[in-house]
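Every number here is computed from the coordinates shown, using simple stated rules; none is lab data. On a predicted model such as this, the values are computed, not experimentally measured, just so you know. FYI the Cβ positions are ideal-geometry reconstructions off the backbone, even for glycines, and counts take in every protein chain you see.
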Amino acid sequence: MHGSYADIHCHLLPGIDDGASDLATTLAMAQMAVEDGIHTMVVTPHQLGNFSRNSGEDIRRETILLQRVLAERRIPLEILPGGDVRIEDGMVEKIISGEVLSLGDHRRHVLLELPHELFFPLDAILKSLEREGMTGILSHPERNQGIMRNPGLLEPLVERGCLMQITAGSLMGTFGSRSQELAEWMLEHGLVHFVATDAHGVKARRPLMTRAYDRIAELVGETVAGDLCTINPELVACGKPVEGGVRSKPRRSWSGFFSAKKVG
């Protein structure tokens, strides 16, 4: 709902990846998030890939420590452990063992990250997660170069059970016009289940949701904005199921949408 948000993707923990560099930045990000209306954040340091050193045990411990500091500073923000997980062989087994984290550590939803420059089929990984009672959430598909070249990849993924999380900043043009247009196209076609900040700092890629909420409401209505920014992320934070699938019938092809955005 407007002014009350949950965020399932942020790089808030200090000094653990390419997000907050130190505790001062973390606290400034937390305060900024609260002032924007965010009440819950799942902290999602990168795991696997170039960040294989980030263990589930370390993330759990650092999350507990940071929650204590937030309480001491009277910053009213709930944080939960999670991971921004690079898709690779053995990933599901590491989630089961606890070495790699699901969102909120509930073993229900896993935030999946593709390499930025390419797309590869996800059927096998989605099936493996499903066998273990888990659902994949693909992070920022609107920024993936392979998907940008072929957005037709998205609907079959959603129909297969994959959930989609776009970045708030994409709707503001932070990652370029092409990502913005694809994010808007996904919204209009019912292919988005979450909006998250993917926050990394206080100067760029900030922990803000309100402008994105307003843009979603403008494009597809307040009900959808509330679902994507509040209700669905809160369900993930609580370890509860989220309704998947395509929300509405496509109105325009990607090429038609892109052309319409370019005219005038």
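Given +1 at the Cβ of Lys and Arg, -1 at the Cβ of Asp and Glu and no other charges, the dipole of the chain around its Cα centre is 460 debye to the nearest 20. Can you give me the C-alpha center-to-center distance between the range 19-38 and the range 192-222, rounded to a whole angstrom? When both Cα centres are located, 16 Å separates them.
Less than 5 angstrom separates the built amide H of Ile8 from those of Val42, Thr197, all sequence-distant by 5 or more or on a different chain. Calculated [222 nm] ellipticity per residue, helices only, for the chain: -11000 deg cm²/dmol; basis is -39500 (n - 2.57) per DSSP H run with n ≥ 4, divided by all residues, nearest 500.
In summary, the aspartates and glutamates within cross-link reach of Lys94, defined as a Cα separation below 14 angstrom excluding same-chain residues under 8 places away, comprise Glu57, Asp84, Asp105, Glu132.
3J(HN,Hα) along the range 157-164, derived from phi through the Karplus expression 6.51 cos²θ - 1.76 cosθ + 1.60 where θ = phi - 60°, amounts to 5, 5, 5, 6, x, 6, 9, 10 Hz, with x in place of Gly and Pro.
Gyration tensor analysis over the Cα atoms of the chain returns equivalent ellipsoid semi-axes of 27, 22, 16 Å (largest first, whole Å).
Per-residue Karplus couplings for the range 40-45, computed as 6.51 cos²θ - 1.76 cosθ + 1.60 with θ equal to phi - 60°, are listed in order as 9, 9, 8, 7, 10, x Hz, Gly and Pro entered as x.
Which helices of the chain meet both criteria: a Cα extent of 20 Å or more along the helical axis and a mean Kyte-Doolittle score no lower than -1.0, with helices taken as whole DSSP H segments? Helices meeting the span and hydropathy rule in the chain are 56-72. The aspartates and glutamates whose alpha-carbon is closer than 16 Å to the alpha-carbon of Lys127, local same-chain residues fewer than 8 away aside, are Glu88, Asp89, Glu93, Glu159. Sparse packing (at most 14 other Cβ atoms within 10 Å of the Cβ) combined with a DSSP loop state is found for the following trypsin sites (Lys or Arg not before Pro) in the range 158-258: Lys203, Arg251, Arg252.
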